[in-house]
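See structure below.
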Amino acid sequence: MLEEYVRLLGQLIPPVDPDVARKVIESVRRDRPTPNQLYAIPAPAGICQGDVIGPATFKWVGDEGEWVEDRGLGLVLSNSCDAERDDYITIALCFEYQEFAADAAISARADFAVGVANNLVTNLLFLPAVPGAGDLVGDLSTVVTVSRHFLERGLADGTIHRYSALSPFGY
């Protein structure tokens with residue numbers, strides 16, 4: 001499962017050098033790191049690609065044209081260099097894996113929840129043991145663009161929390 005996770009991260013976060021990704025995959029096969037080893041603690045300065053932050057509000061248009069809203073954690077999708085300079089940062093909705101897997105529609109198909117946990121469902125990214133948040137699922141099809149200044153102020157005043165970073169280097 002961790003091998004697939006690292007491969008998916010290599011595709012999701014393009015700035016990672018393919019040689020570095022290959023070495024990480026080899027290391028995963030050899031050493032089998034724990035999920036806690038996947039996250040940088042302490043996190044690098046600033047908002048970085050792969051950070052889990054929140055809470056954030058997500059809005060989208062529902063089946064009948066109505067606005068649907070959810071509030072939760074978000075996975076930063078913007079490249080780190082863009083997040084440092086751009087006015088807006090793109091984040092994807094994250095939700096708790098256990099709650100997701102317990103949902104009646106999901107649990108009726110146990111193979112689906114297992115597929116999500118193994119990162120076999122392309123629009124969902126399983127993030128195991130996120131520090132302070134537990135097992136999360138990032139929904140890469142539910143995204144919102146948020147003001148960088150708003151996020152920076154929220155992080156500074158504590159209304160928004162940075163739970164983890166996927167890299168000590170910010171990419």
Given the conditions (1) under 22 Å from LEU127 (Cβ atoms); (2) out of contact with any helix residue (DSSP H, G or I) (no Cβ under 6 Å at 6 or more places or on another chain), which single one is not true for GLU66?
-> (1)
PHE95: passes all of (1) in a strand (DSSP E or B); (2) modelled with pLDDT of 95 or more but (2)
Count - residues of the range 8-52 that are at pLDDT 70 or above and touching a helix residue (DSSP H, G or I) at 6+ places or on another chain (Cβ under 7 Å) | 4
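The values are calculated or read from the model by the stated rules, or taken from the named source; none is laboratory data. Remember, it's a predicted structure, so these values are computed and weren't measured experimentally. For neighbour counting, all protein chains shown are included, and Cβ atoms are generated from backbone atoms with ideal geometry for every residue, glycine included.
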